[in-house]
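Read the structure below first, then the notes.
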Amino acid sequence: MTSIPEEKSEKKVSFLPFHAINEFMTSEYRLEVVRSTLFALPGLPESFHNPVNKLTGRLVKIPGFRHSLKAPTPLRIKPTAEAFEKSPDLVAAILSAWAEENSGLRENVYALLQARGWELLPIDAERTKLPGFITVWPHGENFEVLSQAFKEMFPEATASNDDIALMVVWISGRLPYQFTEAEGDLSESPESN
């Protein structure tokens, strides 16, 4: 009996490290995200504040403090935002905590993307374990279109366009570097090297 070889997919998924998100954020918005997350940390479960605190202790240096976690939160914001620009692990930890603090927005964005046919991990998946962001973005979608669709779907929501865009990136695990060729096709295209 001869076996028929299975057809194997030669598709490769490209990832960009989490800190690539900085190319899509203004410095003011980055500070806002870091600030709101640092102030929210004490009220979040340990699984969210422990990673941020551990990375802060290792990556963030604050003049006058031997241990950066001993510094008051307002003094940690700017140095943490600077470390956010360089550390993919810190970006993942902060965005995970930020998404938890904004759980209502997270659920709404998840519902929006599902309704638009995006392929998504489960809402409670541990996205910090991913190697980074997938580089393929759905054809015809952009932050303006998604923000408008969000506001139509959730007219009572008060989230800013920046918050909606950041949550789209975090929930989808994607950055808009390459676009799919066909509408509705979210499969990753092969890397061309």
**Message:** Please compare each pair in LYS78/LYS151; LYS86/LYS129; LYS54/LYS86; LYS54/LYS151 to a cut-off of 25 Å on the Cα-Cα distance and tell me which ones are over it.
**Reply:** LYS78/LYS151; LYS54/LYS151
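Given 0.36 nm per residue, what is the gain on full extension from LYS129 to MET153 after removing their alpha carbon distance, in nm? Write out the running numbers ahead of the final one.
Values: separation 24, 0.36 × 24 = 8.64 nm, distance 3.03 nm.
Gain in length upon complete extension: 5.6 nm.
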**Complete:** With 0.36 nm assigned to each residue of separation and the Cα-Cα distance removed, PHE39 to GLN178 gains 46.6 nm
**Asked** Which whole-Hz ³J(HN,Hα) couplings does region 102-114 yield from phi under the Karplus relation 6.51 cos²θ - 1.76 cosθ + 1.60, θ = phi - 60°, glycine and proline marked x?
**Response** 10, 4, x, 5, 4, 5, 5, 5, 4, 4, 4, 5, 4
**Request:** Would you work out which of PHE133, ALA157, PHE143 lies farthest towards the positive end of the dipole of the chain? Charges go on Cβ: Lys and Arg +1, Asp and Glu -1.
**Result:** PHE133
**Fill in**
Quick calc: nm separation of the 7 Å Cα→Cβ label points for ASN53 and VAL145 -> 4.3 nm
**Request:** Just name one of ASN22, GLY57, SER172: the one whose Cα is farthest towards the positive end of the charge dipole of region 15-179 (beta-carbon charges, Lys/Arg +1, Asp/Glu -1).
**Result:** GLY57
**Spin-label pair SER160/ALA111, simplified geometry with 7 Å Cα→Cβ offset, distance in nm** = 2.4 nm
**Request:** Using a cut-off of 12 Å between beta-carbons, work out the net charge of the residues near ARG106 (Lys and Arg +1, Asp and Glu -1, ARG106 not included).
**Result:** -4
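Report the charge-dipole magnitude of region 15-179 in Debye, nearest 20, computed about the Cα centre from +1 at each Lys and Arg Cβ and -1 at each Asp and Glu Cβ. Present the calculation step by step, with values, prior to reporting the outcome.
Working: 16 positive and 19 negative charges, 174 e Å.
Dipole magnitude for region 15-179 comes out near 840 debye.
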**Complete:** When the charge dipole of region 15-179 is computed with +1 at the Cβ of Lys and Arg and -1 at the Cβ of Asp and Glu, the Cα pointing farthest to the positive end, of LEU38, ILE123, LEU69, is that of LEU69
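With n ≥ 4 as the cut-off for DSSP H runs, can you work out [θ] at 222 nm for the chain, using -39500 (n - 2.57) per run divided by the number of residues, rounded to the nearest 500? Walk me through the intermediate numbers first.
On the way: 7 runs with 90 residues, N = 193.
The per-residue figure over the chain is -14500 deg cm²/dmol.
Report the net charge of residues surrounding PRO72, where surrounding means a beta-carbon distance below 14 angstrom and charges are Lys +1, Arg +1, Asp -1, Glu -1. All intermediate terms of the calculation are to be shown ahead of the outcome.
Working: positive: ARG35, LYS70, ARG76, LYS78; negative: none.
The answer is +4.
Would you mind calculating the gained length between GLU119 and SER14 on full extension (0.36 nm times residue separation, minus the Cα-Cα distance), in nm to one decimal? Don't skip to the answer; put the middle values down first.
Numbers: separation 105, 0.36 × 105 = 37.80 nm, distance 1.57 nm.
Once the chain is fully extended between GLU119 and SER14, it gains 36.2 nm.
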**Prompt:** From the backbone phi of region 16-32, what are the Karplus-calculated ³J(HN,Hα) couplings (6.51 cos²θ - 1.76 cosθ + 1.60, θ = phi - 60°) in whole Hz, Gly and Pro given as x?
**Reply:** 10, x, 3, 6, 5, 4, 4, 5, 10, 10, 6, 5, 5, 5, 4, 4, 4
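Coordinate-derived values only; no laboratory data. Model, not experiment: these values are computed from the prediction. Here Cβ is always computed from backbone atoms with ideal geometry, including for glycine, and neighbour counts include all displayed protein chains.
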